[in-house]
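The values are calculated or read from the model by the stated rules, or taken from the named source; none is laboratory data. None of the values given here were measured: they were computed from a predicted structure. All Cβ positions, even for glycine, are placed from backbone atoms using ideal geometry, and neighbour counts span all protein chains on display. With ligands, DNA and RNA removed, areas are computed over all heavy atoms of the protein, side chains included. Shrake-Rupley method; radii C 1.70, N 1.55, O 1.52, S 1.80 Å.
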Amino acid sequence: QVQFVESGGGLVQPGGSLRLSCEASGIIFSSYTMDWYRQVPEKQRDLVATISSGGSTNYAASVKGRFTISRDNAKNTVYLQMNSLKPEDTAVYLCHVEVGFRNYWGQGTEVTVSS
């Protein structure tokens, strides 16, 4: 079974930083593109960032320049470093991988940006 354990969410003030982690098991982690999505209740689940097996990255326009996705293949972990956080970044953040035609999701970690 493909499984992810997410951590790092919490309450942070505007302008602050958080680092999310997603540790994978059940896959050869280094072989796959990994993604971070975020979702607010009653809204779309939006792609935030992606990192390929070769290390190429892409970001949503709303987070470009503030967020950095990275991976540590030795630890089977993908990270999302979030800086200069804004209230509109408040969401549940989920890591994701597509293996063939199947999509696998982490359990989600809550990020709240508020004074």
Within segment 67-110, restricting to residues that are of a type in the set (A, V, I, L, M) and either at pLDDT below 95 or part of a helix (DSSP H, G or I) (or both), the one that is surrounded by the most Cβ atoms within 10 Å (Cβ to Cβ) is V99
The lone condition I27 fails out of (1) assigned to a loop (DSSP other than H, G, I, E, B); (2) surrounded by fewer than 16 Cβ atoms within 10 Å (Cβ to Cβ) is (2)
| task | Could you check, for segment 37-51, whether at least one of its residues is in contact with a Cys (Cβ under 7 Å, 6 or more places away or on another chain), at pLDDT 95 or above and open to solvent by less than 80 Å² (accessible area, probe 1.4 Å)? | result | no
Apart from one, (1) without any contact (Cβ under 8 Å) to a residue 12 or more places away in the chain; (2) farther than 19 Å from Q1 by Cβ all hold for G100; the odd one out is (2)
Looking at segment 52-60, can you tell me whether even one residue there is hydroxyl-bearing (S, T, Y), farther than 13 Å from H96 by Cα and touching a strand residue (DSSP E or B) at 6+ places or on another chain (Cβ under 7 Å)?
yes
Within segment 51-66, can one find any residue that is touching a residue at least 12 places away in the same chain (Cβ under 8 Å), outside any loop (DSSP other than H, G, I, E, B) and within 23 Å of Q3 (Cβ to Cβ)?
yes
Looking across segment 1-24 at residues that are surrounded by 16 or more Cβ atoms within 10 Å (Cβ to Cβ) and either free of Cβ contacts under 8 Å to residues at least 40 places away in the same chain or among the small types (G, A, S) (or both), the single one that is farthest from S62 (Cα to Cα) is A24
